[in-house]
Amino acid sequence: MTATLIDGLAIAKSLRLQAAERAQACVAKGRAAGLAVVLVGNNPASQVYVRNKIKACAEVGITSRLIEKPDTLSEIELLSIIDALNRDPEIDGILVQLPLPKQLDAHRVIEAIAADKDVDGFHVSNAGALMIGRPLFQPCTPYGVMKLLESINAPIWGAHAVICGASNIVGKPMAMMLLARGATVTVCNSKTQRLQEHTRRADILVAAVGRPHMISADMVKPGAIVIDIGINRLADGRLVGDVDFASVSHVASAITPVPGGVGPMTIAMLLINTLESAERRLHLLQP
């Protein structure tokens, strides 16, 4: 068996074309959609991620505002910046790039963002809304995974989904989204014993741990759909996922590559969330 490649680049491109049309419609209704990105410090990976997000906004017609601050920024100063953005009528989405310098409390910072501008979907109000099946904003990475599954008409209803990784950003919201679509979900974490026994039962296997090649072929049920969210840089500079792609691709029925799988979808869904926020505001402004 050779797995079908789930091409995140192609699917994200299609979503960006849709986003560009929606961005033009926002302009026609009164103004461009606006995203503010706050970057604190000089983390190289964060700088790359932010640069890609700003570029994506420009390509589809979303106005972006990049606010860069040194890693000496105090929490009071950062909260003041967020407060100003919350009150800015031209800003529809606010994103504070993580991780933050150690003197800043990421939880407190995220909770300071107005829930209706929290396009990352990390605010406790948005997390709670997702829990009860009434999401305002869905976290971008798991939201993108759901779009990838839809693109291959994955049979989610009644499927057994296993998620390796229980983070608030990916694993937990991923579980809620799959539950909402009728899957039976197992969430594994660093304390899970006999991990292989769980992964071998998965019809849909999602890896989001941050350990290169952690998922080997003998951990995958033949014919499973494998979604690799991990992004790991090896000593030789190569980017690889949490899944051993070379071996697992001969067992799975469908698989995402790294790079080119989930990564492009995360940015695409950020654009979609920002546009949904803008559309809500512009609708409220209409006579």
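Taken together, the values in this text are just the output of simple stated rules run on the coordinates, not laboratory data. Model, not experiment: these values are computed from the prediction. Neighbour counts run over all protein chains shown; Cβ positions are idealised from the backbone, glycine included.
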(request) Quick one: net charge around Leu275, please, counting Lys, Arg +1 and Asp, Glu -1 for every other residue with C-beta under 9 Å from its C-beta. (result) -2
(message) Less than 12 Å Cβ to Cβ from Glu59, Lys/Arg counted +1 and Asp/Glu -1: what total charge do the surrounding residues give?
(response) +4
(request) Could you please rank Leu136, Leu178, Leu130, Leu35, placing first whichever residue has the fewest other Cβ atoms within 10 Å of its Cβ? (result) Leu136, Leu130, Leu178, Leu35
(request) Return the label of the correct value of percent of Cα pairs over 34 Å apart, as calculated from the structure shown, out of (i) 24; (ii) 21; (iii) 45. (result) (ii)
(message) Considering only C-alpha atoms, what is the centroid distance from the stretch 249-271 to the stretch 38-68, in Å?
(response) 21 Å
(request) Taking the Cβ of Thr199 as the centre, find all other residues whose Cβ is under 15 Å away and add up their charges (Lys, Arg: +1; Asp, Glu: -1). (result) -1
(request) Might you report the magnitude of the Cβ-based charge dipole of the stretch 29-124 about its Cα centre, with Lys and Arg at +1 and Asp and Glu at -1, to the nearest 20 debye? (result) 320 debye
(request) Can you put Ile67, Ile94, Ile267 in order of Cβ neighbours within 10 angstrom, beginning with the fewest? (result) Ile67, Ile267, Ile94
(message) To check you understand DSSP bridge types, tell me what percent of the beta bridges within the stretch 140-263 (both residues inside) are antiparallel, rounded to 5.
(response) 10 percent
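Within a 10 angstrom radius of the beta carbon, how do Met174, Met131 rank from fewest other beta carbons to most? Could the numbers behind the result be given before it?
Values: Met174 27, Met131 15.
Fewest to most other Cβ atoms nearby, the residues stand as Met131, Met174.
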(request) Could you tell me which of Pro257, Leu78, Met269 has its Cα farthest along the dipole of the chain towards the positive end, charges placed at Cβ (Lys, Arg +1; Asp, Glu -1), taken about the Cα centre? (result) Pro257
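Starting from the stretch 113-221, pick out the chymotrypsin sites (Phe, Trp or Tyr not before Pro) whose DSSP state is loop and whose Cβ has at most 12 other Cβ atoms within 10 Å. Write out the running numbers ahead of the final one.
On the way: sites: Phe122, Phe137, Tyr143, Trp157; in loops: Phe122, Phe137, Trp157.
Answer in residue order: Trp157.
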(message) Run the helix sum for the chain: -39,500 (n - 2.57) per DSSP H stretch of 4+ residues, divided by residue count, reported at 222 nm to the nearest 500 deg cm²/dmol.
(response) -13500 deg cm²/dmol
(request) Provide the packing ranking of 85-91, 237-243, i.e. peptides ordered by the mean count of other C-beta atoms within 10 Å per residue, highest first. (result) 237-243, 85-91
